[in-house]
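K.L.:
First, the structure itself, so that you have it in front of you.
The values are calculated or read from the model by the stated rules, or taken from the named source; none is laboratory data. As the structure is a prediction and not an experimental result, all values here were calculated from the model. Glycine gets a Cβ as well: all are built from the backbone with ideal geometry, and neighbour counts include every protein chain shown. Note: accessible area is taken over every heavy atom of the protein model, side chains too, but ligands, DNA and RNA are not part of it. Shrake-Rupley method; radii C 1.70, N 1.55, O 1.52, S 1.80 Å.
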Amino acid sequence: MKELKIIEVKSEIGAGTRGASMGVEAMKIASLDLQSDFFKQHESVEVENVNELLFDGAQHAHAKFIDGVMIMEERVCLEVYETIFDEFFPLVLAGDHSTAYGTIAGIKKAHPKARLGVIWIDAHADIHTPFTTPSGNMHGMALAMACGIDNYECKINDPLGETLEYWEQLKNVGMPGPKIYPEDIVYIGVRELEKPENYLLNKYNVNFIEIEDVQREGAEAIARKASAMLDHCDYVYVSFDVDSLDSHVSTGTGTPSPNGLTVAEAKALNTELARDPKVCAWEIVEVNPTLDTENRMAESAFEILEATAKAIASRPVLAE
């Protein structure tokens, strides 16, 4: 790894609330307001989006815009793969969280024989499937795609045949089969779990760190604990959803949730995680300036982004 490369994914095809596609630009505006030259320092590439499909209305009730999500997963997968192949570190700035599966698939495509761990910092577990989703919004399904899980045991929906065809194709983006094992996920800050998700967490004994643990032990200690939980993995990907922040802070996101992280905790947590040489990609998602006032969410998000990027750039392996 030589340098960071910013991958911009201005997609909101998997979200239930409109506006997350504007999050990347909102963070750029925040950087200007904070007088930072961050976006000038690093090379960046934008993945073309298919947000125009939103005007057609959702055809798939239990996996809304799954056709568009499929396109985005393939595009993000390829961009992340090429970034790693070119020996850059992918720093992904995305709209809705569904495209995180594309990031995971891209890492796996670059390292097909490696075992990949995922640290998922989020208010939500995002491990629903078309069979279990209460909303049909695909930003709640990224980890089920990555694990190749259907969760028939908790089935409440009967998706259309065409929906299921897309779902099967999604699970094979990048390369056939699951990209990660559920036991190689570490959740931090999840506090809104639905029964089908809870079932999977218990079934696979998924690693789970609560907000109270962060408050009690401190963010740096929790980061080290999370990394230790994935000691057996070859690489680690960190995905940071801004709704992991407390709803007093995270007004500018689609699904804010109370009792979350402070900005200082999120910054300390992500920067400490990023120092681990196994961390091979980092992502920030779900900034939605249309729900915000005075761009506050984007400013907090940018503060965390810039600090994390500095921690990655200062790693010995990157500084050679």
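K.L.:
Listed residues Thr251, Thr271, Thr255; which is open to solvent by 10 Å² or more (accessible area, probe 1.4 Å), in a helix (DSSP H, G or I) and among the β-branched types (Val, Ile, Thr)?
P.N.:
None of the others qualify; the one that does is Thr271.
K.L.:
Just one of the numbered conditions (1) closer than 23 Å to Thr103 by Cα; (2) open to solvent by less than 10 Å² (accessible area, probe 1.4 Å) is not true of Gly260; which one?
P.N.:
Just one mismatch for Gly260, condition (1).
K.L.:
Residue under question is Val285, and the condition is that it be more than 14 Å from Asp184 (Cα to Cα) and open to solvent by less than 60 Å² (accessible area, probe 1.4 Å); does it hold?
P.N.:
So Val285 fits the description; yes.
K.L.:
OK, next. Just to confirm my filter: which helices (runs of 4 or more DSSP H) fall fully inside region 13-93 and include at least 1 residues that are of a type in the set (Asp, Glu) and surrounded by fewer than 24 Cβ atoms within 10 Å (Cβ to Cβ)?
P.N.:
Per the criteria, 23-33, 66-85.
K.L.:
Find all pairs meeting these conditions: Cβ atoms under 6 angstrom apart; at least six residues apart or on different chains; first residue within region 141-153 and under 11 Å from Pro130 (Cα atoms); second residue part of a helix (DSSP H, G or I) and of a type outside the set (A, V, I, L, M, F, W, C).
P.N.:
Met145/Tyr101; Asn151/Pro196
K.L.:
When residues of region 199-248 are filtered for being open to solvent by 10 Å² or more (accessible area, probe 1.4 Å) and under 14 Å from Asp126 (Cα atoms), how many remain?
P.N.:
Qualifying residue count for the region: 4.
K.L.:
What do you reckon, is Pro112 surrounded by fewer than 17 Cβ atoms within 10 Å (Cβ to Cβ), at negative phi and either in contact (Cβ under 8 Å) with a residue 24 or more places away in the chain or out of contact with any strand residue (DSSP E or B) (no Cβ under 6 Å at 6 or more places or on another chain) (or both)?
P.N.:
Yes.
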